[in-house]
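Student: Sharing a structure below in structure tokens format, with a few things to ask.
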Amino acid sequence: LSTVTEAQYFCHLMHIMGLERVYYVGDSLSVQMSKSLYKLLGHDDDPVLGKPYNWSRQVQCPNPEQNFEISFTRNDHLAKTDETNLVPDASLPWIKPYLEHPAKRTLLILNVGA
């Protein structure tokens, strides 16, 4: 399949499943998975640029009604964190951003890595 076809197919799947966001939470393997999906969908820019531990990008689908978001938050141990127990760049808060995001439905991908 070509990149355009893959993007069209993935956008269509997200749309028919009612998903508005793909949210990755995990370690450096997760950031690579999220970046890979973003690139496979035909985007040339680097979504991680300047924000390797917490980023979000809108995926532009061929049909704008099918646009969705890909997000990543670094949390190496999937620990429940808040502003009182943060580990800089390794355990950022993810539960509140997950629950309070305006997307109606999110595909949540959790990974603790190796």
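The values are calculated or read from the model by the stated rules, or taken from the named source; none is laboratory data. These figures come from a predicted structure and were not determined experimentally. With ideal geometry, Cβ positions are generated from the backbone for all residues, glycine too; neighbour counts draw on all protein chains shown. These area figures cover heavy atoms from the full protein model, side chains too; ligands, DNA and RNA do not enter into them. Shrake-Rupley method; radii C 1.70, N 1.55, O 1.52, S 1.80 Å.
Student: I'd like the orientation of helix 28-40 relative to the chain: the angle between its Cα long axis and the longest Cα principal axis, in ° from 0 to 90, rounded to 10.
Tutor: Result, in degrees: 20.
Student: Given the options Ser36, Thr106, Val25, identify the residue whose Cα lies farthest towards the positive end of the charge dipole of the chain (+1 on Cβ of Lys, Arg; -1 on Cβ of Asp, Glu).
Tutor: Ranked along the dipole, the leading option is Thr106.
Student: Shifting gears a bit: Looking only at Asp27, Asp45, Asp76, which one moves most when the chain is put into a Gaussian network model with springs between Cα atoms under 10 Å?
Tutor: Evaluated over the chain, the most mobile residue of the options is Asp45.
Student: Work out the length of the dipole vector of segment 11-103 about its Cα centre, built from +1 on the beta-carbon of each Lys and Arg and -1 on the beta-carbon of each Asp and Glu, and round it to the nearest 20 debye. If you can, show how the numbers build up before the last one.
Tutor: Working: 8 positive and 12 negative charges, 24 e Å.
So the dipole magnitude of segment 11-103 works out to roughly 120 debye.
Student: Taking the chain as a Gaussian network, Cα atoms linked when under 10 Å apart, which of Gly50, Gly18, Gly26 shows the biggest mean-square fluctuation?
Tutor: Gly50
Student: A further question on this structure: Sorted from largest down, give the three principal axis spans of the alpha carbons of the chain, whole angstrom values.
Tutor: Cα extents, longest axis first: 43, 26, 24 Å.
Student: Report, to the nearest whole %, how much of the accessible area of the chain belongs to carbon and sulfur atoms, 1.4 Å probe, protein only.
Tutor: Details: 3820 of 6830 Å².
Roughly 56 percent, rounded to a whole number.
Student: What percent does the relative contact order of the chain come to when contacts are Cα pairs within less than 8 Å and at least six residues apart?
Tutor: Values: 199 pairs, mean separation 42.2, N = 114.
Result for the chain is 37 percent.
Student: Could you work out [θ]222 nm for the chain from helices alone, using -39500 (n - 2.57) per DSSP H run of at least four and dividing by all its residues? Round to the nearest 500 deg cm²/dmol. Don't skip to the end; give the middle numbers.
Tutor: Working: 3 runs with 33 residues, N = 114.
-9000 deg cm²/dmol, from helical runs alone.
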